[in-house]
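Have a look at the structure below before the remarks.
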Amino acid sequence: MSKLRKVTLHAARSKTFPEGSIRHGYEFVAPLTAEGRIDAEAWKAHRGECFARRFWGDDEARGLLVHRPGGRGGANWAFELGETLDEEGEGFRFADHTFVEGEYVSAPDPEGELTTFKVVSVS
C-alpha cells in the first residue's frame with residue numbers, strides 16, 4: 001500500500017553548483033510504494049494533497065504535482081506552480097525514479113535546463 005510522503009530534492013554537484021545547493025530544489029508530496037516509486041493510481045485518489053514547492057535562491061513557487069498524458073510510457077509528471085505548468089521537454093520522468101534518500105533524479109530547473117537533484121529526505 002502506498003503512503004503519502006514528503007520528498008525533498010536539493011541541487012546536486014554540477015558546474016552550476018560545484019558543492020551542490022540546499023537553496024535550490026523542490027519539495028513535493030506524493031504517494032510512494034514501499035520501493036519508493038510514485039504510485040500513479042494512488043495519486044488519483046490524493047491529487048489535491050500532492051503539494052509541490054520549488055525553491056530557487058530567493059524565489060519560491062508553490063503548486064501541485066500533476067500527472068498528465070504524453071511522453072514516454074504515455075504519461076509524465078510535472079509541477080503546476082502558480083498559474084503556470086512546468087512543461088519543459090516531456091516533463092519529469094519520475095516514474096523511472098526511486099525516491100529514496102541518497103538517490104539522484106533529473107528534472108528541469110526554472111529555465112528548463114535538465115538538472116540533477118539529490119533526494120535528501122523522504123518523510
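What to note about this one:
- Tally of residues being without any contact (Cβ under 8 Å) to a residue 40 or more places away in the chain and more than 17 Å from the chain's Cα centre (by Cα) across the range 14-25: 4
- When residues of the range 1-44 are limited to those that are among the aromatic types (Phe, Trp, Tyr) and not in a strand (DSSP E or B), the one nearest to residue 68 (Cα to Cα): 43
- Filtering the range 45-70 to residues that are over 12 Å from the mean Cα position of the chain (by Cα) and assigned to a loop (DSSP other than H, G, I, E, B) leaves 57, 58, 70.
- Hits in the range 80-98 - residues which are under 16 Å from residue 51 (Cα atoms) and at pLDDT 80 or above: 80, 81, 94
The values are calculated or read from the model by the stated rules, or taken from the named source; none is laboratory data. Predicted, not measured: the structure shown is a model, and the values here were computed from it. In this analysis, Cβ positions are derived from the backbone assuming ideal geometry, glycine residues included, and neighbour counts consider all displayed protein chains.
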